[in-house]
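See below for the structure under consideration.
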Amino acid sequence: MQVDTHVHFWKYNKQRDAWITDKMKPLQEDYLPQTIALTLKRNEIDGCVAVQADRAEVETLFLIELSKTHDIIKGVVGWVDLQNENIEERLQYFSQFPIVKGWRHIVQGEPIDFLLGKDFQRGITALKSFDYTYDILIYHHQLKPALEFVSKFPKQAFVIDHCAKPDIANKKMEEWKSLMQEMAKHPNVHCKLSGLFTEAKWKQWSPNEFYPYLDTVFEAFGTDRLMYGSDWPVMLLSGMYVQWKSLLEKYMENFSEDERAKIFGENAVDFYRI
């Protein structure tokens, strides 16, 4: 099974989706499973993980409902208020939906020390008893507090979204590289090969710009803790779906068949219990 671990779905709402600015005009429309189904088929992707894009429980319920009628959705990474003092009660409620595999908060838009907050960490502590994963969405400059954060939860399954969004557009990587190497020393932390198109100059990149960043995460995490993702439809701001998948396939052309199978599906199946 080949799995795209990072896809978003929404019915566009101008007020709710204010983060989609006019600079991102192509995203100001509905993106639903039927919009991507043919693209996934053409790219030999058997299913995807639907990841939250809005901070509301209703978003999680929306993704759960979509999964009932679209079997390409193999898992949901939803949103729940991890700072809520009733977090265990909310997790208990969502545990009735086995399609929900884990949770995410859009930390990239929060203060630098957000992950170290007492209430948030109480919420993370509650995940383990439900066997939930947690997606870490941060920018590269938030890696230091993220390192301190993951060190407090050695048994929690984490995955770094979008390789922590390195500054590819400005070809900056030294600090990001050293911090990602430190992050990879935590065996419970995985990393998604997703979202890099939009960290480069939109539609002005060349494939070799991504190679030093891919080299870093492949050397640090190895092929057992990396997984393919697209960040569709956000990625469309900078390129086409087939371009990202074929770029990774080209990068991995000298890897073994087993290693490629891990990156493009097996690791996702294990991590998200698909």
Zero-based 10 Å bins, Cα pair distances in the chain, whole percents
7, 31, 39, 21, 2
Give me the net charge for the shell around residue 8: Cβ to Cβ below 14 angstrom, other residues only, Lys and Arg +1, Asp and Glu -1.
-4
Please list 139-146, 115-122 highest first by mean number of surrounding beta-carbon atoms within 10 Å per residue.
139-146, 115-122
Isotropic mean projected area of the C-alpha convex hull, the range 101-191 (nm²):
5.6
State the Cα centre-to-centre distance between the range 198-274 and the range 1-80 in whole Å.
19
So, by mean Cβ neighbours within 10 angstrom, what's the order for 253-262, 161-170, 66-75, 204-213 with the highest one leading?
161-170, 66-75, 204-213, 253-262
Any idea what the dipole of the chain comes to, in debye rounded to 20, about its Cα centre with Lys/Arg Cβ at +1 and Asp/Glu Cβ at -1?
280
Putting +1 on Lys and Arg Cβ atoms and -1 on Asp and Glu Cβ atoms, find which of 206, 186, 82 reaches farthest to the positive end of the dipole of the chain.
206
With a/c under 1.5 counting as rounded, go ahead and sort the range 1-73 into rounded, prolate or oblate using the C-alpha gyration tensor (a ≥ b ≥ c being the square roots of the eigenvalues; past the cut-off, prolate if a/b is larger than b/c, else oblate).
oblate
For the pairs 11/68; 41/245; 172/262; 68/245, flag any whose C-alpha to C-alpha distance is greater than 19 Å.
172/262; 68/245
Which net charge results for the neighbourhood of residue 215, defined as the other residues with beta-carbon distances under 13 angstrom from its beta-carbon, given Lys and Arg at +1 and Asp and Glu at -1?
-1
With +1 on the Cβ of every Lys and Arg and -1 on the Cβ of every Asp and Glu, the dipole magnitude of the range 57-193 about its Cα centre, in debye rounded to the nearest 20, is 500
Magnitude of the charge dipole, the range 1-131, Cβ model with Lys/Arg +1 and Asp/Glu -1, debye to 20:
240
Can you list the lysines whose alpha carbon sits under 21 Å from that of residue 118, skipping same-chain ones fewer than 8 residues off?
128, 144, 152, 155
With a sphere of radius 15 Å drawn around the Cβ of residue 81, what net charge do the other residues whose Cβ falls strictly inside it have (Lys, Arg +1; Asp, Glu -1)?
-3
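All of the numbers you see were taken from the coordinates with simple rules; none came from a lab. These numbers come from a predicted model, not from an experiment. When we count neighbours, we look across all protein chains shown, and the Cβ atoms used for this are built from the backbone with ideal geometry, even at glycine.
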